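Written out below as structure tokens is the structure these notes cover.
Here, each number is a calculation from the coordinates, and none is a lab measurement. Remember, it's a predicted structure, so these values are computed and weren't measured experimentally. Here the Cβ positions follow ideal geometry from the backbone for every residue, glycine too, while neighbour counts run over all protein chains shown.
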Amino acid sequence: MDKKDAHIIVVGNEKGGTGKSTLAMHIIVGLLDKAKKVAVIDLDARQKSVARYLQNRQTFMANGGTKVAMPAFKVVGQSTASLVKDREVEDQQSLQEGLDEFKRDVDFIVIDCPGNDTYLSRLAHALADTLVTPLNDSFIDLDLLGEVSADSFQVKKLSFYTEMVWDSRKFRSASGKPPMDWVVVRTRLASLDSRNNKRVHSALESLQKRIMFRYVPGLYERVIYKELFPSGLTVLDLEKVNSLSHVAARQEVRSLVDSLNVVE
Ligand SMILES: Nc1ncnc2c1ncn2[C@@H]1O[C@H](COP(=O)(O)OP(=O)(O)OP(=O)(O)O)[C@@H](O)[C@H]1O
Ligand SMILES: [Mg+2]
């Protein structure tokens, strides 16, 4: 029997610096840690955070570091054609070529989106089997999903981003695919259980029913999530963890990957 096409996980939202690339790196290594075959497409050709991180991982091994599992990866940049129509056709082709290159050989393709609205990013959202949207612990970030009333947290208006995700869902169902699983993950959580933290939690609980996403626990703000970038490692790759905070970080990343419900 033919192997199933890879499951596509897209990490996206339309706000810069919310932790998409950090989340993508940890999901990638979390899946590798479960012995899954993974390929990565970085759609942020300006920053290339995930691609650079993976290059650092290769260099770490080339310089004699312990062998760690590697995904295949490539950067897909936006077309520079002068006509919008031509740009859209070229973007579609380059993303499709990237997917075709990997989809038969791996279990998962993880796509990291840039922090703004691009045609490539929209195409990726329409292809997502699982969409992971990171959200910081703030009402400004909540606006990315929809406007909520200050007292009852009723949804007053959907955001452009949510409308775009809904269009992607319609496109999927029109093409006979199973529904997209939209997972909203809170990142860079403050360790103190603040009043703001609880209010954002309540607002998200109300939004998830109306907008139809799953809201799952995510990653706290921790130095270990950023300090290993130059070596291309994550806390899951460390041979020894000798602090409680690192043990907690490992657990957090593993729980996050489990909560995506993509590995049996
Ligand atoms: N859980 C975390 N703990 C500590 N630092 C974090 C965490 N998540 C992200 N960061 C830091 O926050 C900054 C932004 O993160 P990141 O680059 O992952 O965001 P992004 O959404 O991909 O940004 P962009 O929209 O520009 O692509 C980086 O300096 C990163 O190291
Ligand atoms: Mg990024």
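Computed quantities for the displayed model
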read-out	value
Exposure proxy ranking, count of Cβ atoms within 10 Å, fewest first, for Arg250, Arg57, Arg199	Arg199, Arg250, Arg57
Lys, Arg +1 and Asp, Glu -1 on Cβ, resulting dipole of the chain about Cα centre, debye, nearest 20	380 debye
Hull volume in cubic angstrom per residue (convex hull over the Cα atoms of the stretch 141-264)	142 Å³
DSSP-defined antiparallel bridges as percent of all bridges, the chain, nearest 5	10 percent
Gain in span if fully extended, Ala45 to Asn261, counting 0.36 nm per residue against the direct Cα distance	74.8 nm
Net charge of neighbours whose Cβ lies under 11 Å from the Cβ of Pro179, counting Lys and Arg as +1 and Asp and Glu as -1	+2
Relative contact order (percent, whole number), the chain, Cα cutoff 8 Å, 6+ residue spacing	24 percent
Positive-end residue, the stretch 119-264 charge dipole about Cα centroid, Cβ charges, pick of Val263, Ser173, Leu204	Ser173
Of Phe60, Ser79, Val89, farthest towards positive along the dipole that unit charges on Lys, Arg, Asp, Glu beta carbons give the stretch 31-91	Phe60
Whichever aspartates and glutamates have a C-alpha closer than 14 Å to that of Lys226, once near sequence neighbours (fewer than 8 apart) are set aside	Asp237
The chain: most fluctuating residue of Leu135, Leu219, Leu144 per GNM, C-alpha cutoff 10 Å	Leu144
Amide H partners (placed H, <5 Å) of Ser159, local residues excluded	Gly146, Glu147
Entries in Lys20/Lys209; Lys74/Lys209; Lys48/Lys103; Lys15/Lys177 that, when Cα-Cα distance is taken, lie over 32 Å	Lys74/Lys209
Counted charge near Gly12, where neighbours are those whose Cβ lies closer than 11 Å (Asp, Glu -1; Lys, Arg +1)	-1
Magnitude of the charge dipole, the stretch 35-137, Cβ model with Lys/Arg +1 and Asp/Glu -1, debye to 20	440 debye
Fraction of antiparallel bridges per DSSP, the stretch 128-198 only, in percent to nearest 5	35 percent
Residues of type lysines that Lys85 reaches as a straight line, Cα spacing below 23 Å, ignoring anything fewer than 8 places off in the same chain	Lys170
Exposure proxy order (Cβ contacts within 10 Å, fewest to most) of Val11, Val165	Val165, Val11
Relative pair counts by distance (%), Cα atoms of the chain, 10 Å bins	7, 30, 36, 21, 6, 0
